[in-house]
Amino acid sequence: MLTRFRVEGEGERSSMAENDDLGIERTASIQNPTKPSSSIGARVRATHDDDEDEVRVSLRPVLPHSSSDLIHQEAARALSVMDSFHQPWLTGVELLDDANRNKHVLPTGLEGIDVLLGGGLREGQLIEIAGPSSSGKTQPLQMQVCLHSASCIADKGSVMFLDTCNSFSPNRIACMVNQFSGPLFKEAKERRLERIMSSILCQPIYDIFELLDTLHQLESTLKHTVKTGGYKICLLIIDSISSLIAPILGGKSPQGRLLMVSAGIVLKKLAHEFNLAVLVTNHMVGGEGGIIKPALGESWKNIPHVRLVVSRDQQSNVFTATVLKHTMRASGRTAKFVIHN
Amino acid sequence: MEIANLPISASQRSKLLSAGYATLSSLSSLSPSHLARDLNIELQEALEILKVVSDAADRSKSTDGHHQALKGVQTAWDMLSEEQMQQHITTGCEDLDHILRGGIHCGEVTEVGGVPGIGKTQLGIQLAVNVQIPVEYGGHGGQAVYIDTEGSFMVERAHQIAEGCINGILDNFTDHDRKILACQEWMQPNSFLSNIFYFRICSYTEQIAVTNYLEKFLKEHKDVKIVVIDSVTFHFRQDFDDLACRTRILSGMSLKLMKLAKTNNLAVVLLNQVTTKYTEGSFHLTLALGDSWSHSCTNRIILYWNANERYAYIDKSPSLPSASAPYSVTSKGIRNSTSHCKRVRMM
């Protein structure tokens, strides 16, 4: 892909061409202004294969008698500004570096699941947990796993919980947090509870369009906090995404599937750019032969990076998790884990 | 953002796309009359479409450059204290209230299901009456909305239950001071009946319409604290050919009901019927409408018979442990069961 940059100003032209290591040819030309008091309003045009971006860059005024060095300096500055708009490709080495430095593994606190996932939830990935709903137990299993992960991870960074079925129970999280804490005095326990609970944010969402809006807002908020160094979200939970998509999926128009795939794309982009793990829950529906399978159909199967199915063993506290899909590990492996009341 | 991601109807979207408008920017500087001419629609519709477009454009533009806090976000710590102050609506039976930690939770959708004759409608009417207990007597002093799809609401029975409830309260409070007794004038069964808003639904389209209308209705009647739908399954069980369509309609309806419950802080009670299911070589009873519906409610209570006694069992709840409690249906309404009580005839 060849990228050309052209900087135009008023007045006399002077141009500069550069080839950097990626073999991208960039040319910048600045014309000298005829009037000394006016500043160079350079118009930068960058052309790619697909589209054109046009950006206005204003540079320092260059007098007609300035040396060509100054003109070249200004051109170089224009090129560096252009660089920030143009996203270069990443090489494999850079990707590996990014993965090692930025994409940490967040343990869920449930041993069996952590073993299956190779340590826990990996930042930068979209993980789906599917499981049947009430079959003789009080709390939906997927919700319990979500709450458990939230209470474990809230120590390290903020957790954002988007709740579609009013199942977010602060009491239950408080119980789980108190289970993990060792022997502490009452005030210290209270302060720890407050600190952890204050880093879990919850928002109710009842509409797929509300979800897309919230994700776009979250994206711009995170972009801003990256610059200012504010609080860092490391886990985003959506419980459950199937109840948002079920009302629109199916029927004659492909609109529902389009919205589902757009939501998946936005979530994966958020996960990769801002180094957070995204956990979504799904429910099960009946398939052929009476075997239950995860809802949302064939198109959804390709969207998450990791898919797990959890189920309960016979009215006990022991649960089984099976890997349906994983980007780095073999699928089909199972593990058992326990959630205490 | 694309046109496809906007919340407009499918016919409007297809008209926009066939006329060539695919992105937000192509619509941003268009006049409504021009759009109406292009798409061959009414001016009012064109105005609505442009409003949706400008809202979406505003949202994406205003977040450039400055930090905007996400709306509606709360921390778990704040919600913890809110949850402890959550209101409950008493069911009239102390054992049942005990396992529910106070009663039916406000702000959540509760599904109650059971075999015919177990007392689901009775429970619905009892809750619609109990929500009106004045605040001075420990109630909410609110109003109720009763949406009847089966025609099983009987006004005489509601009158009887209201009478039973009022007499029960007055019996407990006879030795209180005059201030409380002052509201005795409007503690009459007729005034209780006047605070129940009754909708009679005859088809599933009417049911969808009422759910959509409730939002506006609740804005005008802010005192409503409970919405009872009896029963939510009746119109969806027979004559519904397209099961996928049924799932879509039901999940859309349940999302709307959850949103109503949360934003207006009221309790939504859905009464459901049972069906038989064949799994693992045996038949057993489950609630109707299938597996996908079971995700649509926050709490689930199953009513069943156990040796001539009625029991209620909490099947699904985010914060309550599984438990069951006996109750009975008397002429005064739902009350505690006495251990030697047999199946009681009403009226």
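Since every read-out is calculated from the coordinates, none of them should be taken as a lab result. Treat the numbers as computed from the prediction; the structure is a model and nothing was measured. Because the Cβ atoms are built from the backbone with ideal geometry, glycine has one as well, and the counts that use them run over all protein chains shown.
Report the calculated FRET efficiency for A:Asp69 and B:Leu30 (r = Cβ-Cβ distance, R0 = 51 Å), to the nearest 0.05.
Details: r = 50 Å, r/R0 = 0.97.
Once the sixth-power term is evaluated, E becomes 0.55.
Sorted ascending by nearby beta carbons within 10 Å, beginning with the fewest, B:Arg101, A:Arg192 become B:Arg101, A:Arg192. Helix B:243-264 and the longest principal axis of the C-alpha atoms of chain B enclose an angle of approximately 80°. Peptide B:251-258 has a mean shielding of 5, counted as Cβ atoms of other protein chains within 10 Å of each residue's Cβ. Judged by the ratio a/c of the largest to the smallest principal axis of the C-alpha gyration tensor, the range A:111-338 counts as oblate, that ratio being 1.5 or greater while a/b is no larger than b/c. Among the lysines of the range A:111-338, pairs that are 8 or more positions apart or on different chains and have alpha carbons within less than 12 Å of each other number 4.
For a Förster distance of 45 Å, can you work out the FRET efficiency between the beta-carbons of B:Arg101 and A:Ser331, rounded to the nearest 0.05? Don't jump to the answer; show the numbers that get you there.
Working: r = 42 Å, r/R0 = 0.93.
So the FRET efficiency works out to roughly 0.60.
Averaged over the residues of peptide A:201-212, the number of Cβ atoms from other protein chains lying within 10 Å of each residue's Cβ is 5.
Pull out a ≥ b ≥ c, the square roots of the eigenvalues of the alpha-carbon gyration tensor of chain B, then state rounded if a/c is under 1.5, prolate if not and a/b is larger than b/c, and oblate in the remaining case. Intermediate values should be presented prior to the final figure.
Details: a/c = 2.18, a/b = 1.72, b/c = 1.27.
The shape class here is prolate.
Helix B:155-172 and the longest principal axis of the Cα set of chain B meet at an angle near 60°.
Counting Cβ atoms of other protein chains within 10 Å of each residue's Cβ and taking the mean over peptide A:254-260 gives 2. Helix B:43-62 and the long axis of chain B differ in direction by around 90°, with both axes built from C-alpha atoms.
Remark on A:Leu276: its backbone amide H falls under 5 Å from those of A:Gly124, a criterion applied only to residues 5 or more positions apart or on other chains, H modelled at 1.01 Å from N.
Ordering of B:3-12, B:318-327 by packing is B:318-327, B:3-12, highest average first (other Cβ atoms within 10 Å, averaged per residue).
Rounded, prolate or oblate for the range B:231-310? Axes are the square roots of the Cα gyration tensor eigenvalues, ordered a ≥ b ≥ c, and the cut-off for rounded is a/c under 1.5. Could the numbers behind the result be given before it?
Working: a/c = 2.23, a/b = 1.24, b/c = 1.79.
Judged from the Cα gyration tensor, the range B:231-310 comes out oblate (a/c at least 1.5, b/c at or above a/b).
A Förster radius of 60 Å, combined with the Cβ-Cβ distance separating B:Tyr278 from A:Lys223, puts the computed FRET efficiency at roughly 0.65.
Only Cα pairs under 8 Å and 6+ residues apart enter the sum, and on that basis the relative contact order of the range A:250-335 stands at 16 percent. Rounded to the nearest Hz, the phi-derived 3J(HN,Hα) couplings of the range A:110-125 under the Karplus curve 6.51 cos²θ - 1.76 cosθ + 1.60 (θ = phi - 60°) are 9, 4, x, 5, 5, 5, 4, 8, x, x, x, 6, 8, 5, x, 10, where x marks glycine and proline.
Here the spin labels are modelled as points 7 Å beyond Cα on the Cα-Cβ line, and at A:Val115 and B:Trp305 they lie 4.8 nm apart.
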